[in-house]
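These notes are about the structure you will find just below.
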Amino acid sequence: MPDNRRFTLVRRPDGTPAAEDFHLAMQPTPALAPGEVLVRNVYASLDPAIRGWLDDAPSYMPPVALGAPVRATTVGTVAQSANPDFAPGDWVLGLNAIEEYSVAVPGGFTQKIDPAAVPSVTNYLSIFGAVGLTAYFGLLEVGKPKPGDTVLVTGAAGAVGSLVGQIAKLQGCRVIGIAGGPAKCARLVERYGFDAAIDYRGLDEAALVAAIRAATPDGLDVIFENVGGIILDAALMNLADGARVALCGLISEYNAPAPVGVRNLWQLIVHSASINGLLVRDFIPRFGEGAAAMGGWLAAGKLVFDEDIVTGIDNAFPAFMKLFSGGNDGKLILKL
């Protein structure tokens, strides 16, 4: 069995992760038990959810153990197999880790994929993976947009947000995006087809409330929330009656030593509005439906998406930190 380089967690981050919280370790790969396969990971998905898994706190998945490799979704090839249904060279998608080799049990998260069915095998980590399916089901099933609705997407230039805005446009909605910096705001309108974009940088809560109100004078019917903090509070001050808030992420809170929380929830009462959290795993039985819809829109030229691929497991830490600086352009992927 080959030796294995692994991006391991050695200390739980206190606020913003530091390089000292991680270690690139070389460890032997254990022998396979019957039914297992050895996956040579080629690409790993870098997602904001990883930050939550680093804390020893209750969540929908157990925390990454100290000394263990950082959990991530990967695509790779079978290097060795003790499973009759998997042969060396098969491409697989699985919830593994940021490491060169993973021992996996097929079934559940580990599934065969066909690289010839997509423009690039990395698409299984972006538009045809959890990113695309989160956008699809999160907007349509949780946000429930109707033609003529006004939809606000926060973190709109991100991998999920950029797809949410485009899907909302396909539903006949007016779409406003919030992003950081003029370049990202320009991309929302020019590349992703948003109707308007708001640059949050340099704005306090009152200024954000005013900017959203100026762009959406009749109020917001749907908020697809990726950021939290004062951006969510400002959006809540601009609800239309019966609005729906789809809570996908709170990335502004993940590294905060004392999270601000949400202070304007009372607006849900004022406007008979609702807020619902969403996890893409709740829609696993319908993944085929979502992937087919996304594929159809992509083939018809109705969707565009971007991938930001960083090369080298040695760059795992700086690549991961791009999620919090906003330095990535598109779905962030590490090529191992």
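Just so it is clear, none of the values below were taken in a lab; they were calculated from the coordinates. Note that the coordinates shown come from a computational prediction; the quantities given were computed from them, not determined experimentally. Glycine gets a Cβ as well: all are built from the backbone with ideal geometry, and neighbour counts include every protein chain shown.
Quick notes on this one:
- Between region 175-250 and region 25-80, the alpha-carbon center distance in angstrom: 34 Å
- In this calculation the C-beta distance from L170 to V105 is compared with R0 = 51 Å, giving a FRET efficiency of 0.85.
- Stokes-Einstein D (µm²/s) once Rh is taken as the Kirkwood radius of the chain over alpha-carbon pairs, at 25 °C in 0.890 mPa s: 119 µm²/s
- Efficiency of FRET between D114 and A82 - r from beta-carbon atoms, R0 22 angstrom, step 0.05: 0.45
- Cα→Cβ-extended label distance, 7 Å offset, between R11 and H23, nm: 1.2 nm
- Whole-angstrom gap from region 282-334 to region 123-172, using each part's C-alpha centre: 13 Å
- Based on the Kirkwood approach, the hydrodynamic radius assigned to region 105-173 is 13.3 Å, with every pair of different Cα atoms included.
- Computed over region 132-280, the Cα gyration tensor eigenvalues convert (square root of 5λ each) into semi-axes of 19, 18, 16 Å, ordered from largest to smallest.
- Spatially close lysines, pair count over the chain: Cα under 25 Å, gap of eight or more or interchain: 17
- Counting 0.36 nm for each residue step from K146 to D308 and taking away their Cα separation leaves a gain of 55.1 nm.
- Net charge of neighbours whose Cβ lies under 12 Å from the Cβ of V75, counting Lys and Arg as +1 and Asp and Glu as -1: +1
- Region 104-228 - share of DSSP beta bridges that are antiparallel (%, nearest 5): 10 percent
- For the chain, DSSP calls about 55 percent of its internal beta bridges antiparallel.
- Gyration tensor (alpha-carbon) shape descriptor, region 138-193, a/c threshold 1.5: prolate
- Taking 0.36 nm per residue of separation and subtracting the current Cα-Cα distance, fully stretching the chain between N315 and S272 would add 10.8 nm.
- Model label sites at A300 and R213, defined 7 Å from Cα along the beta-carbon direction, differ in position by 3.9 nm.
- Each other residue within a Cβ distance under 10 Å of L236 adds +1 if Lys or Arg and -1 if Asp or Glu, for a net charge of -1.
- Among residues other than S325 with Cβ under 14 Å from its Cβ, the summed charge is +2 (Lys and Arg +1, Asp and Glu -1).
- Modelled spin-label separation between D56 and L265, with each label point placed 7 Å from Cα along the Cα-to-Cβ direction: 2.8 nm.
- Per-residue ellipticity at 222 nm computed for the chain from its helices equals -7000 deg cm²/dmol, with DSSP H segments shorter than 4 residues left out and the rest contributing -39,500 (n - 2.57).
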